[in-house]
Amino acid sequence: MNADLIVSGGEVLDPGAGLTGRLDIAIRNGRVVDVAADLASRYQGTLLDVSGAFVFPGLVDIHTHCYWGGTCVGLRPDPFSSTTGVTTWIDAGSAGAWNLAGFRELIIERSQARVRAFVNISGIGLTASAPFTHELDNMSYCNQGALRRVLDAHNDIVVGIKVRMGNRANGIEPLRLALETAEAAHLPVMVHIGDTPPDVTEIFALLRPGDIVTHCYHDKGMRLVSDSGVVLEQALDARERGILFDVGHGRTDFSWRVAEALLAQGFVPDVISSDISWVSVGAPNVDLPTSMTKFLHLGLSISDILRCVTDRAASAVRLAEDVGTLRPGARADLAVFRIAEGSFPLRDSMGEERIATRAFQHQLTIIRGQPLAPVRTDPPPPYIENSADILSARPGMSAN
Ligand SMILES: [Zn+2]
């Protein structure tokens, strides 16, 4: 039998599909056609030897900001796919009703990675989001009629509606509008939690099963532990009702102490995401493998972590048939990693450090059966203050 590519000799790990062990993967026309031992003897095609490395499904990052050129903090996905193994990028609300068409044409249609969007409840999206301004400063930006029509026109690229709840968000109303529109369009809502008001009690009471709470380990007003470090009843109730909790590490949204307290009480993430953007990728140096390594340090197993960035992440955005899995028929998106041993200092958003002894180390990204060569990135935009630090922290990322 013929294959375009046979990825051979690696340690396959796809806990969502129950695939584990020394297996080969045969790929044809951008799809996985077979996963089994010794396929090199049964298929003819280009052989890629990845002996000694892990082969994971391509990673699915459900909280990213990749509207480069259309929003102030967005970066292009492909350069970061080539260094992180992220093959499916879900943008979390960079585009709103009034600029989603640009996101489609400039980013989705021009990227090798698969890109999809949570659309912002605010029509302007994150055009000039924090730290510069706020998309909910003016409630007239939340035009439900416009959003409904845009959702109809672009339902093939939209996975949900994003709303940022915090003390600049004009109370609970934007969440109410997001849920109303999402309900009519049969979509989930991703809600950012930040500084109070409103209170998480008020927010969680409105959410439906399948809605996603992002930034669940931050140390802001809406933190999910009490002052004495006990997980909030409201968070446990929400989880019980099927609401999903996502890491969304980002620049300001991950605290070692909060994560340690929550994990000690069994409050593990449903999904691990990076919230990667030009303001998070430098300090605290966030990309998805870094976020995954932090959870390895916190005691999750490699399999548990993988489920949070493959099949469970894909299910949360209803793409599980196609991505986040190596099952035959799925897109041939693969991430080749090693687990490095050594001493890896890792800071949280407050600058607090832990030293991990193991780290996810990216080797290669394959998208639709094609190994992705390193892709040069643009430099960070000139208004990003620490752009020099960002480039020096990422030596593979030399600017054009
Ligand atoms: Zn974000």
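The values are calculated or read from the model by the stated rules, or taken from the named source; none is laboratory data. Note that the structure is predicted; figures quoted are calculated from it, not measured. Neighbour counts are summed over all protein chains in view; Cβ atoms, including those assigned to glycine, are modelled from backbone coordinates with ideal geometry. Each accessible area value is taken on the protein alone, full model and side chains, heavy atoms only, with ligands, DNA and RNA left out. Shrake-Rupley method; radii C 1.70, N 1.55, O 1.52, S 1.80 Å.
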What part of the accessible area of region 89-215, given as a whole %, is carbon or sulfur when the probe is 1.4 angstrom?
50
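Ranked highest first by the average count of other Cβ atoms within 10 Å around their residues, in what order do 281-291, 111-121 fall?
On the way: 281-291: 22.5, 111-121: 25.6.
Those peptides, ordered most packed to least, come out 111-121, 281-291.
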For labels at residue 148 and residue 370 in the simple 7 Å Cα→Cβ model, what's the distance in nm?
4.1
Which whole-Hz couplings ³J(HN,Hα) result when phi for each residue of region 284-292 is put into the Karplus expression 6.51 cos²θ - 1.76 cosθ + 1.60, θ = phi - 60°, listed in order with x for Gly and Pro?
x, 6, 9, 9, 5, x, 5, 5, 5
Name the residue from 229, 207, 182 whose Cα lies farthest towards the positive end of the charge dipole of region 177-271, charges +1 on Cβ of Lys and Arg and -1 on Cβ of Asp and Glu.
229
So what J values fall out for region 71-85 if you push phi through Karplus, 6.51 cos²θ - 1.76 cosθ + 1.60 with θ = phi - 60°, rounded to Hz, Gly and Pro as x?
9, 5, 10, x, 10, 6, x, 4, x, 7, 4, 6, 10, 10, x
State, as an integer percentage, the relative contact order of region 195-236 based on alpha-carbon contacts under 8 Å between residues 6 or more apart.
43
Over the chain, give the accessible area per residue in Å² for a 1.4 Å probe, as an integer.
38
Taking a probe of 1.4 angstrom, what is the accessible area of residue 48 in Å², to the nearest 10?
40
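Rounded to the nearest 20 debye, what is the charge dipole size of the chain about its Cα centre when +1 sits on each Lys and Arg Cβ and -1 on each Asp and Glu Cβ? Before the final figure, lay out each step's value.
On the way: 35 positive and 46 negative charges, 133 e Å.
Approximately 640 debye in magnitude.
Could you tally the net charge around residue 172, taking each other residue with its Cβ under 10 Å from the Cβ of residue 172, Lys/Arg +1 and Asp/Glu -1?
On the way: positive: 176; negative: 173, 199, 202.
Net charge in that neighbourhood comes out at -2.
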Distance in nm between residue 46 and residue 168 label points, each 7 Å along Cα→Cβ, equals 4.6
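Rounded, prolate or oblate, given the Cα gyration tensor of region 215-358, with a/c below 1.5 counting as rounded? Walk me through the intermediate numbers first.
Working: a/c = 1.76, a/b = 1.20, b/c = 1.46.
Because a/c hits 1.5 or more and a/b fails to exceed b/c, region 215-358 counts as oblate.
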For region 4-50 the mean separation of alpha carbon contacts under 8 Å (6+ apart) over residue count, i.e. relative contact order in percent, is 45
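Relative contact order for the chain using alpha-carbon pairs under 8 Å, separation at least 6, rounded to a whole percent?
After rounding, I find 19 percent.
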Dipole axis of the chain (+1 Lys, Arg; -1 Asp, Glu on Cβ), positive-most option in 66, 296, 276:
66
Additional length obtainable on full extension of the chain from residue 228 to residue 340, 0.36 nm per residue less Cα span:
36.8 nm
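Which value in deg cm²/dmol, rounded to the nearest 500, describes the helix-derived mean residue ellipticity at 222 nm for the chain, given -39,500 (n - 2.57) per DSSP H run of n ≥ 4 and division by the residue count?
Numbers: 11 runs with 90 residues, N = 400.
Using -39500 (n - 2.57) per qualifying helix, the result is -6000 deg cm²/dmol.
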